[in-house]
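Down below is the structure, laid out as structure tokens.
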């Protein structure tokens, strides 16, 4: 019986000490977990366009088939092992990607996947679905622009969106 009392007294003391330490840590914003349903601490621009080098809306000219052809080759060499055009694979289907995200988000994600995975709630959600991080393929702006052009061409061939 004495061992049980000592054990209870020890556990009570441990609980009291851990509660005191936890309550004295302060109220640092970085220590608080984000509450469910609360808005992430990112700007409206970042929410719509992701994190990366593109900080303003792109002024895209009409689709350039030659640029799109280069983008197709880049997609096949750098992206197709994880992304298919019309089916979910290791990552989301890509044919209609520009109906889901902005061109600016596309380029930012292709060039800067690591920061977007870390900070963007939509990308975190996709990580939860696919359980696989998009790898950084060391794509520069020109390559990303060519891949974007390929997806602009594919998007232009899709049936019109109906609301």
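Throughout, read-outs are computed from the coordinates displayed, never taken from laboratory work. This is a predicted model, so every value here is computed, not measured. Virtual Cβ from ideal backbone geometry, glycine too; neighbours counted across all protein chains shown.
Sorted ascending by nearby beta carbons within 10 Å, beginning with the fewest, 111, 63, 147 become 63, 111, 147.
Across the range 65-157, C-alpha contacts under 8 Å between residues 6 or more apart give a mean separation that, scaled by the residue count, equals a relative contact order of 46 percent. If the segment from residue 102 to residue 76 were pulled out straight at 0.36 nm per residue, it would be longer than the present Cα-Cα gap by 7.2 nm. Determine the relative contact order of the range 109-153: mean sequence separation of Cα pairs under 8 Å and six or more apart, normalised by residue count, in whole percent. Across the range 109-153, relative contact order equals 45 percent. Approximating the spin labels as points 7 Å out from Cα along Cα→Cβ, the residue 135-to-residue 89 distance works out to 1.3 nm. With the convex hull of its Cα atoms as the shape, the range 65-157 has an orientation-averaged projected area of 5.4 nm².
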